[in-house]
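The values are calculated or read from the model by the stated rules, or taken from the named source; none is laboratory data. A quick note: this is a predicted structure, and the numbers were derived from the prediction, not measured. Positions of Cβ are generated from backbone atoms using ideal geometry, with glycine treated the same way; all protein chains shown enter the neighbour counts. Accessible surface is based on the protein model in full, side chains and every heavy atom, while ligands, DNA and RNA are left aside. Shrake-Rupley method; radii C 1.70, N 1.55, O 1.52, S 1.80 Å.
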Amino acid sequence: MFAANMDSAREVGGVASTVLIPMRFVWPYGGRSVFLSGSFTRWSELVPMTPVEGCPTVFQAIYSLLPGYHQYKFFVDGEWRHDEHQPYVSGDYGIVNTILLATDPNFMPNPGITSGPNMDVDNEAFQNLVRITDGTLTEVVPSISEADLQGSRHRINQFLSTHTVYELLPESGKVVALDVNLPVKQAFHILHEQGIPLAPLWDFSRGQFVGVLSALDFILILRELGNHGSNLTEEELETHTISAWKEGKAYLNGQIDGHGRALSRRLIHGGPYDNLKDVALKILQNAVATVPIIHSSSEDGSFPQLLHLASLSGIMKCICRYFKHSSSSLPILQLPIGAIPVGTWVPKIGESNRRPLATLRPNSTLSSALNLLVQAQVSSIPVVDDNDSLLDIYCRSDITALAKDRAYTHINLNEMTIHQALQLGQDAYSPYEPRSQRCQMCLRSDLLHKVMERLANPGVRRLVIVEAGSKRVEGIVSLSDIFRFLLG
């Protein structure tokens, strides 16, 4: 085995060391027994690689890496091998493949990395699975013609453009709104008790809705307070009103006018007569979870009524209901989710320009999870075991669980683990048991219309794409991903 002091991963970009990025290593050249080893295992461990289903000569292993520079090799039938199709370098320990996972776009790999010539592959099954173009391996996936793609998109866009928000309004229900002068602590408890991730804000002095308070606000508040001490106190949250927080947040984000006053962000809202496409675009373009639907019978907009909180989930439900009996006539809906450019996937070694999929271990700190949610601008992160199999998922809205029994008054964000944080909100469940509506999964072979039907269920905002049987995480697809694809 190689010496342990060989170049190991170095952390870049300020990402917490508990944040891991799963990568899929592939050895497509056959063998009886194939193992993976590298600087990320300190060259002291052989990671078994398993044959791909239906193609016994292609071996794969998913291994989570820290951001940084790594080296690796394959141990095939007792001999050390490298893949000439991937970047490699020659050093003191022979020829090794290399990979760079950089969070800093200015970080460059070591010079001397070489891409090798094509390696002959004479296995018929493998040639049926992939095609070789310019030295790169590309999976063969089902596809449709450009005409069918655009035709399907046109029909969906036409439906969304000719149906209004009124179709989203429930026959009965309630929408919770918060006064901007409410203490943050009280708002925190209300969201938790009502089981909602956000609420519109009402300003009595102005007689109008002025914004939205979401779980992300609480994440930012806890991070900000955590910078000033090891423990959070109830008194600190008591002194902050929602209005004061929103103003302070504007200063933190540099949103001030020429006189040094905080600029309030314009409320993104819609009306009951807006068409569904316009509302979907508002959600996507402004990166918000919902759009408050507000109606006023007065010409000047006074005495506004809050009718509903429109979401992509509700719009997706309308699409699925309308095309339920005609989905077969839309070729785009018959494609497997793995065959279309949506979602965030575990990249294969050698793939570039792909947004990495970050995961967390159960012992990752809550602080690292919150930092990743904010920095990566994602709403959820899969929690996986040592085999990268899905255990649970940590979402922005989970932060409201800290309101239970006033947990935020006696925790340290750098000490509480994800395991402990999730347990606060799942007393009725066994630890890491995937739960209905919360930890929904799908396979890369699932058809798009089936994925859309699952995402149309209330409370489901994303599906974790897993490998059949092992539940190894392969990717994640969200409502936003699907709508961006459908709207073109």
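What to note about this one:
- Test: residue in the stretch 41-62 that is touching a helix residue (DSSP H, G or I) at 6+ places or on another chain (Cβ under 7 Å), assigned to a strand (DSSP E or B) and surrounded by 21 or more Cβ atoms within 10 Å (Cβ to Cβ): yes
- Residues that are outside any strand (DSSP E or B) and under 21 Å from residue 52 (Cβ atoms) within the stretch 440-483 comprise 443, 444, 445, 446, 467, 468, 469, 470, 471, listed in sequence order.
- Residue in the stretch 421-436 that is hydroxyl-bearing (Ser, Thr, Tyr) and either at pLDDT 80 or above or under 16 Å from the mean Cα position of the chain (by Cα) (or both) present: no
- Pick from the stretch 1-19, criterion farther than 29 Å from residue 77 by Cβ and surrounded by fewer than 21 Cβ atoms within 10 Å (Cβ to Cβ), ranking: modelled with the highest pLDDT: 18
- In the set (1) without any contact (Cβ under 8 Å) to a residue 60 or more places away in the chain; (2) assigned to a helix (DSSP H, G or I), the condition left unmet by residue 300 is number (2).
- Screening residue 106 on (1) at pLDDT below 50; (2) surrounded by 15 or more Cβ atoms within 10 Å (Cβ to Cβ); (3) assigned to a loop (DSSP other than H, G, I, E, B); (4) not basic (Lys, Arg) shows it passes everything except condition (2).
- Scanning the stretch 356-408 for residues that are closer than 13 Å to residue 418 by Cα, part of a strand (DSSP E or B) and not charged (D, E, K, R) yields 359, 360, 365, 380, 381, 382, 383, 384, 391, 393, 394, 395.
- Residue within the stretch 397-417 that is more than 20 Å from residue 188 (Cβ to Cβ), at pLDDT below 80 and over 21 Å from the mean Cα position of the chain (by Cα) present: no
- Selection of the stretch 442-466 for residues being surrounded by fewer than 21 Cβ atoms within 10 Å (Cβ to Cβ) and touching an Asp or Glu at 6+ places or on another chain (Cβ under 7 Å) yields only 444.
- Total residues in the stretch 359-385 satisfying the condition of being in contact (Cβ under 8 Å) with a residue 60 or more places away in the chain and within 18 Å of residue 467 (Cβ to Cβ): the figure is 3.
- Qualifying positions in the stretch 194-208 - touching a helix residue (DSSP H, G or I) at 6+ places or on another chain (Cβ under 8 Å) and open to solvent by 30 Å² or more (accessible area, probe 1.4 Å): 197
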